[in-house]
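Colleague: Dropping a structure here in structure tokens format, bear with me for questions.
The values are calculated or read from the model by the stated rules, or taken from the named source; none is laboratory data. These figures come from a predicted structure and were not determined experimentally. Note that we place each Cβ from the backbone using ideal geometry, even for glycine, and neighbour counts take in every protein chain shown. For the accessible areas, the whole protein counts, side chains as well, though only heavy atoms, and no ligand, DNA or RNA atoms are used. Shrake-Rupley method; radii C 1.70, N 1.55, O 1.52, S 1.80 Å.
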Amino acid sequence: MKPILLLLAVLLPMSAGVLLCIIKLKTDRAIKAFTAVATLSTSALTWALILHCPNESITLLHFAERLAVVFRFDALGRFFAGILATLWPITVLYAFSYMEHEQRRQSFFGFFTICFGVALGISMSGNLFTMYIFYELLTLATTPLVIHTLTKKAVNAAKTYLVFSLGGAAFVFAAMIFLISNGAYGEFHFGGLLTRYPYDNANITQIFYLLGFLGFGVKAAIFPLHVWLPRASVAPTPVTALLHAVAVVKAGVFAVMRLTYFSFGTALLKGGWVQSVVMSVAIFTILFGASKAVREPHWKRRLVYSTVANLSYILFGVTMMTEAGFTAALMHMAFHACVKILAFFCAGAVLCRTGRELVTQLDGLGRRMPRSFAAFTVAALALTGIPPLNCFVSKWQLLTAAADSENPLAYVGAGVLLLAALLTAIYMLSTVRRAWFPSKETDLSALEGIRDADWRMVVPFVILSLGVLLTGLFATPILHAAQQIAQGR
Amino acid sequence: MLILFLVLFPLAAAPLSYGIGRRSKRGRDAFAVAVGALELGLALAAFLQRHGQLELPGLCGQKLLLELDGFRSVYVCVIALMWFVTLLFSPEYNLHHHNRNRYYFFNLMTLGATMGVFLAGDLFTAFVFFEIMSFTSFPWVIQEETPGAIKAGNTYLAVAVIGGLVALMGLFLLQTKLGTTQIDALYALAAACEDKGSLYLAGACVLFGFGAKAGMFPLHIWLPKAHPVAPAPASALLSGVLTKSGIWGILAISCNIFRADPAWGTVLLVLGCVTMFLGALLALFSVDLKRTLACSSMSQIGFILVGIGTMGLLGAENALAARGALLHMLNHSLFKLLLFLCAGVVYMNLHCLDLNEIRGFGRGKPLLQTAFLLGALGIGGIPLLNGYISKTLLHEGIVEAAAEYGWTLKLVEWVFLCSGGLTLAYMTKLYVAIFLEKHPKKQEDYDARRRYMDPASTLALCLAAIPLPVLGLSASWSMNALADIGTDFFHSGALAHAVHFYAWENLKGALISVAIGAAVYLLIVRKLLMKNGAYRNCWPSRLDLEELLYRPLLLHGLPAFFGAIAALFGENRILAPLSRALLRLASILVHAVCDLTDALILLLRNTVYRTRTLHQEDEVRDTLMYRLGKDVDAIEIRLGREQKGQTRYAQLFYRAYRTFRETSIRITGNLSFALFMLTAAICLIFFYIIVLQ
């Protein structure tokens, strides 16, 4: 396959989405058909590209000598694109059912499809500048989805989201200028691009790395910059599930990976003070997110705080700056995506059928909605790290990597990881226990007449649950893929 | 292949049984029994094979290793037998319970997982199945869904989760220190390892995790709560098999990493003594049939731990203790199967377990009476039954260690004998209450119940009862043979001389226990614990480790701690003021910029594009600007210049002020923060380019 097809994979969903926003389709069926065709064809094309596209670059535009829009599909990009292309159609199927009780479906699906293209664009970017463009586009394309319900809360959430994202972008911009002015304007290269080390002074490099990390860290929800994420949970559940647990936040993590391993290079950063800083931030965020999740009574927000913690699991792996750490981070990125989407889907199904949002209102719902809660149980167990489900594997890898990294801070991190696992058990399993085994005071008659999710929700449940189990049992192919990326092959 | 099949077959059968159960209840019951029977057949085949190893590469990100040796093949048979018997017993017991499909589903899942734990060839594999087992057995505890069951279930889950995590930490330390968790390789690697401190830490973590499942003090809290509320067949399995999986883990590290390590042995010995004695004491005080049996399980686990502890103390000559520990594990599984089934028979007839209520139920029911008596005498260590054999071996082991270590071990010996006496005392209490005493009111009703169980349950009870006397009477070859086969896992030394079970030395120990038991029963149970012919629960209810320590610590201490962290760094305490301060700063900056332009425009308007007249303002507020204007007006008047309007400057200033405000609010409202960030970043870039380059 020719690399020019990469452009098609990006532009196809973007143009389809724009079309969906502009032309008014008459029936619901037409909207769904249009979305389904666009999403499925993009997914198929992406998977074909992942399997068959040569690892060559294609330059679209030259703005200046050092600024060019370049596409290239390397192993890391393929990994991220693989996650996206697998989960997107599943989410769209779920959204068909979920969105039936929401307004303005056409524009929703329009922007949703645009986001697919933009997220793929991030994964296929060949250099920092291109990635930056798509990264900013993602901010813009997802804002209408956050604002979708048009309530005051949603508008405020979108405002916060914009403010934080744009602020982060400014930081990233500074780091990008630094990189470009020091010779790192070429295509991403494993091991770093900096050809000219300024002034024999490692501090300056580290300062700009920190700026870049904080900038991308906004989307990756690191501690003081996570505020937008819980607020954005007012968006419809497919958005919270796919964008705020996978596409957007993982794009932030992905960008940090690009920045660390492919732009600055670990040789410059490893052992410096900046590594301690970013790792401490990640470790603290793990503890913070997990503790907040335990305290949070709102179900979706509880899951969001759990996302905050889990994103920092990934960043913790990234900031170890070792091969094993990077491998573990990649695995957790893939596995957490699968698990968290599943958990959100269940929360969404309950929200959709009963309108209940608080964990304390879930007593006894397991009997009424057994399929949804069976899926949620799988997700909860997986997230806690119960073998043989998939997060156990990635957490084990993270722990091993931390122990092998010979970094004292990483040992602390390993301890925090186990503590966070306990907190995860508390906030996930208490939800599960409530749903299946209500206390006797619960008025079960109030639950009469609640229907379980329909097939368009159950099919994603089944696929994802099986995925969680099977990727845990047979994790080796994913492990090998991650190892190859981490070795720079 | 056989090994894999032992594990996977029940796991695969579980969803099938659920599916069948949706259609036909009888079909499902029969199917479950068939699965149990087939599994028993497989286990016997494994017993004949006794060797084998199976590596499943690439599972769970690493590899899973299953292994079959003498000990495992013996225990696989015990597990399969216990499951088969309980599955046979289940249909009648569960007749009136709801959620039976769920019960069978998780029952079969747990069977597979338990097989996995015992067959595991490395600790990683064991952990994987151990966690599955912990979670699939949770629905057993909570099966009845009464408030008590829910509370017990919560305790069980909490202990399982925390134990699992700590065990994981230990495994993980072992993995990093030794490079593998494969059980066969651990001894050599641990001997070569320099860093003994980490090994002890890892060992402590694993001991915590598996000890929690075994019911070892001070992690026994779930045991007396969970067993009474679970259905009787499940209690039998929880007590007979699941606690043994904890022992399995303790054995795996004690016999390999800490083989013949006196320090480790001492720790286990102390913990074992406390567990043994405390369990027996709790059982003596309990007035609930199943709770007594549960506490008794805890006590018997203590006996086994004492055996493992003495193994560590004795070094190479530890064959007696090893055989004793193995046989006591085996025997205890069989006792508890039988005793819990008896308790199940009582419960399914009377739906009550309080000793005062069930008094006299067993009168005139010879089968039940014989079965219970066999179990009670067996667990009490009365000669001619199998319990005597294993207790004698354990006792011999302690005596041997006492010869080496002196008075401290003498003390252990007495604790051992006293606990044995207490065991007899509480079993006598149960036996007398159920089978000899009469119920003050309902005795006629109880006597009238002639058909108190169906043929399947009867068969189950007989199957559970028969091995006890058979093993006990043929001890010199059957139990010796089992010990010969089973101790390969223990890596114990060779047996120096054959043990004469019925020599006077050995009988003396049993007699001392019987004497203590009789004394305790007559003096304490009859005198202190009974009042007006009724059993009283004299155990102070406040003295509960869970309520005293664990629950406050977990439910209040930890959340308070993390809550404080979350609150301290939460949005409201630090972030909000911080972002507000930033916004304030940004708005001041923007104010400055905007006000400057506004001032320019105003200046232009008043000089070049001068407007001639200003209309009278309807609403003039008392602002600073307004006052300032008034002052200017006053000065003008003072200076004697003539004016047309009255408050010209005052209006002018006020308007200017209002324009300022409106414009700046509009601008700072949304993007000020972003703008500020952008400005900051651009300033940084400029600074970098200009100053440093």
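Colleague: Please count how many residues of the stretch B:171-189 are open to solvent by less than 10 Å² (accessible area, probe 1.4 Å) and closer than 23 Å to residue A:428 by Cβ.
Modeller: 1
Colleague: Look at the stretch A:291-302 and say how many of its residues are more than 17 Å from the chain's Cα centre (by Cα) and more than 7 Å from every other protein chain (Cβ to nearest Cβ).
Modeller: 5
Colleague: Right, here's the next one. Could you list, in sequence order, the residues of the stretch A:3-48 that are touching a residue at least 40 places away in the same chain (Cβ under 8 Å) and not in a helix (DSSP H, G or I)?
Modeller: Result: A:3, A:4, A:24, A:25.
Colleague: Something else: Can you name every residue in the stretch B:356-381 that is in contact (Cβ under 8 Å) with a residue 60 or more places away in the chain, hydrophobic (A, V, I, L, M, F, W, C) and surrounded by 20 or more Cβ atoms within 10 Å (Cβ to Cβ)?
Modeller: If the condition is that a residue be in contact (Cβ under 8 Å) with a residue 60 or more places away in the chain, hydrophobic (A, V, I, L, M, F, W, C) and surrounded by 20 or more Cβ atoms within 10 Å (Cβ to Cβ), then B:358, B:361, B:368, B:371, B:372, B:374, B:379 are the ones that fit.
Yes/no matrix, rows are residues, columns are (1) closer than 28 Å to residue A:477 by Cβ; (2) of a type outside the set (D, E, K, R); (3) under 21 Å from the mean Cα position of the chain (by Cα); (4) open to solvent by less than 60 Å² (accessible area, probe 1.4 Å):
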| site | (1), (2), (3), (4) |
| --- | --- |
| A:35 | no, yes, no, yes |
| A:40 | yes, yes, yes, no |
| A:51 | yes, yes, no, no |
| A:61 | no, yes, no, no |
| A:64 | no, yes, no, yes |
| A:68 | no, yes, no, yes |
| A:71 | yes, yes, no, yes |
| A:74 | yes, no, yes, yes |
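Colleague: Looking only at the stretch A:418-473, which residues are β-branched (Val, Ile, Thr), open to solvent by 60 Å² or more (accessible area, probe 1.4 Å) and at the interface with another protein chain (Cβ under 10 Å from one of its Cβ atoms)?
Modeller: The answer is A:426, and nothing else.
Residue by residue, here is whether (1) more than 10 Å from chain A (Cβ to nearest Cβ); (2) among the β-branched types (Val, Ile, Thr); (3) within 30 Å of residue B:455 (Cβ to Cβ); (4) touching a residue at least 24 places away in the same chain (Cβ under 8 Å) holds:
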{"site": "B:75", "(1), (2), (3), (4)": "yes, no, yes, yes"}
{"site": "B:88", "(1), (2), (3), (4)": "yes, no, yes, yes"}
{"site": "B:91", "(1), (2), (3), (4)": "yes, no, yes, yes"}
{"site": "B:105", "(1), (2), (3), (4)": "yes, no, yes, yes"}
{"site": "B:109", "(1), (2), (3), (4)": "yes, no, yes, yes"}
{"site": "B:132", "(1), (2), (3), (4)": "no, yes, no, no"}
{"site": "B:174", "(1), (2), (3), (4)": "yes, no, no, yes"}
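Colleague: Scan the stretch B:460-506 for residues that are surrounded by 15 or more Cβ atoms within 10 Å (Cβ to Cβ), under 35 Å from the mean Cα position of the chain (by Cα) and in a loop (DSSP other than H, G, I, E, B) and jot them down.
Modeller: Hits for the stretch B:460-506 are B:491, B:492, B:493.
Colleague: Same structure again: From the set of residues in the stretch A:474-489 that are open to solvent by 80 Å² or more (accessible area, probe 1.4 Å) and outside any helix (DSSP H, G or I), which is farthest from residue A:348 (Cα to Cα)?
Modeller: Filtering first and then ranking leaves A:489.
Colleague: If you don't mind, there's one more thing I want to ask. May I ask you to say which residue of A:309, A:328 is farther than 19 Å from residue A:432 by Cβ, in contact (Cβ under 8 Å) with a residue 24 or more places away in the chain and within 13 Å of another protein chain (Cβ to nearest Cβ)?
Modeller: Of A:309, A:328, the one residue that is farther than 19 Å from residue A:432 by Cβ, in contact (Cβ under 8 Å) with a residue 24 or more places away in the chain and within 13 Å of another protein chain (Cβ to nearest Cβ) is A:328.
Colleague: Given the conditions (1) open to solvent by 10 Å² or more (accessible area, probe 1.4 Å); (2) within 11 Å of chain B (Cβ to nearest Cβ), which single one is not true for residue A:189?
Modeller: The one condition residue A:189 does not meet is (2).
Colleague: For the stretch A:401-410: of the residues being open to solvent by 30 Å² or more (accessible area, probe 1.4 Å) and over 12 Å from residue A:279 (Cα atoms), which is farthest from the other protein chains (Cβ to nearest Cβ)?
Modeller: Ranking the qualifying residues of the stretch A:401-410, first place goes to A:406.
Colleague: A further question follows. Can you pull out every residue in the stretch B:190-205 that is surrounded by 18 or more Cβ atoms within 10 Å (Cβ to Cβ) and farther than 22 Å from residue A:412 by Cβ?
Modeller: B:190, B:203 - these are the residues of the stretch B:190-205 that are surrounded by 18 or more Cβ atoms within 10 Å (Cβ to Cβ) and farther than 22 Å from residue A:412 by Cβ.
Colleague: Here's a follow-up. Kindly list, by first and then second residue, each pair from a residue in the stretch B:31-55 that is closer than 19 Å to residue B:485 by Cβ and in contact (Cβ under 8 Å) with a residue 40 or more places away in the chain to a residue that is among the hydroxyl-bearing types (Ser, Thr, Tyr) and surrounded by 15 or more Cβ atoms within 10 Å (Cβ to Cβ), limited to pairs with Cβ atoms under 8 Å and residues at least 6 apart or on different chains.
Modeller: Final answer for the pair search is B:46/B:73; B:49/B:73; B:50/B:73.
Colleague: Moving on. Hey, among B:325, B:321, B:316, which residue is out of contact with any Lys or Arg (no Cβ under 9 Å at 6 or more places or on another chain), more than 30 Å from residue B:440 (Cβ to Cβ) and outside any helix (DSSP H, G or I)?
Modeller: Of B:325, B:321, B:316, the one residue that is out of contact with any Lys or Arg (no Cβ under 9 Å at 6 or more places or on another chain), more than 30 Å from residue B:440 (Cβ to Cβ) and outside any helix (DSSP H, G or I) is B:316.
Colleague: Also, quick follow-up: Mind listing whichever residues of the stretch A:240-267 are open to solvent by 10 Å² or more (accessible area, probe 1.4 Å) and among the basic types (Lys, Arg)?
Modeller: none
Colleague: Oh, and also: I need a count of the residues in the stretch A:344-377 that are in contact (Cβ under 8 Å) with a residue 60 or more places away in the chain, buried (at least 23 other Cβ atoms within 10 Å of the Cβ) and part of a helix (DSSP H, G or I).
Modeller: Looking only at that region, the number is 10.
Colleague: Checking residue B:514 against (1) among the β-branched types (Val, Ile, Thr); (2) assigned to a helix (DSSP H, G or I); (3) open to solvent by less than 40 Å² (accessible area, probe 1.4 Å): exactly one of these is not met. Which one?
Modeller: Just one mismatch for residue B:514, condition (3).
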